[in-house]
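Since every read-out is calculated from the coordinates, none of them should be taken as a lab result. The shown structure was predicted, so the numbers you read here are calculated from the model rather than taken from an experiment. Please note: Cβ atoms are built from the backbone with ideal geometry, for glycine as well, and neighbour counts cover all protein chains shown.
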Amino acid sequence: MSTVRPKSPGAASPVAKVSDATLQRFAGYRMKRAFNVIRDDLHRALKPFGLRMLTYTALVLIVDNPGLRQSQLADAMDVERPNLVVIIDELEQRGLIVRDPAPDDRRAYALNPTPEGMQLYIKALRSVEEHEAVLLAGLSDADRDAMFTALQAVLLNSRERGG
């Protein structure tokens, strides 16, 4: 059940309950509601490091895959290449990564973390692990495995349909 708040501030009318029972039948609705909670909590976990979900994701992928090309990073993050440039510029301006010429293609850049980027990666990763542990507390290992398996199946089904 969702709660609807009165529109006018100071209104004395009681808070009305809105049924979302029909929507609760759909996995997408439940996943979106859960994602909203995860995203908001992740935002709080990353804020002290000056990272957003996208910049954190890019930093992790670059640290875990040194020499990654920008086109590979765009594909891995499922973002348009022009949008990725803004993310890469931000990380580079903060001194967290460097763009080196790719050894086998002078037109491409290989992305590598700096020592500062590695230090921030370690701290932010620890914070994200804590964030996830709190949100998934109460789930057994089997429940977590089942959730990850189900989410992977959704992705595979989407790819098979051309999504």
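Things to note:
- Scope segment 116-143; condition surrounded by 14 or more Cβ atoms within 10 Å (Cβ to Cβ), over 16 Å from the mean Cα position of the chain (by Cα) and in contact (Cβ under 8 Å) with a residue 60 or more places away in the chain; matching residues: Leu120
- Any hit, segment 47-62, residues being of a type in the set (Lys, Arg), out of contact with any Phe, Trp or Tyr (no Cβ under 7 Å at 6 or more places or on another chain) and part of a helix (DSSP H, G or I): yes
- Pick from segment 44-75, criterion more than 15 Å from Tyr121 (Cα to Cα) and surrounded by fewer than 15 Cβ atoms within 10 Å (Cβ to Cβ), ranking: nearest to the chain's Cα centre (by Cα): Arg44
Each row is one residue, and each column tells you yes or no for (1) among the hydrophobic types (A, V, I, L, M, F, W, C); (2) assigned to a helix (DSSP H, G or I); (3) touching a helix residue (DSSP H, G or I) at 6+ places or on another chain (Cβ under 6 Å).
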{"position": "Ser71", "(1), (2), (3)": "no, yes, no"}
{"position": "Pro82", "(1), (2), (3)": "no, yes, no"}
{"position": "Val85", "(1), (2), (3)": "yes, yes, no"}
{"position": "Ala108", "(1), (2), (3)": "yes, no, no"}
{"position": "Glu132", "(1), (2), (3)": "no, yes, no"}
{"position": "Ala142", "(1), (2), (3)": "yes, yes, no"}
{"position": "Ala146", "(1), (2), (3)": "yes, yes, no"}
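- Considering the conditions (1) closer than 28 Å to Ile122 by Cα; (2) touching a strand residue (DSSP E or B) at 6+ places or on another chain (Cβ under 9 Å), Asp41 is excluded by exactly one of them, (2).
- Residue list for segment 12-31, restricted to those being more than 30 Å from Ala153 (Cα to Cα) and touching a residue at least 12 places away in the same chain (Cβ under 8 Å): Val15, Ala16, Lys17, Val18
- Some residue of segment 104-123 being closer than 23 Å to Ala45 by Cα and among the small types (Gly, Ala, Ser): yes
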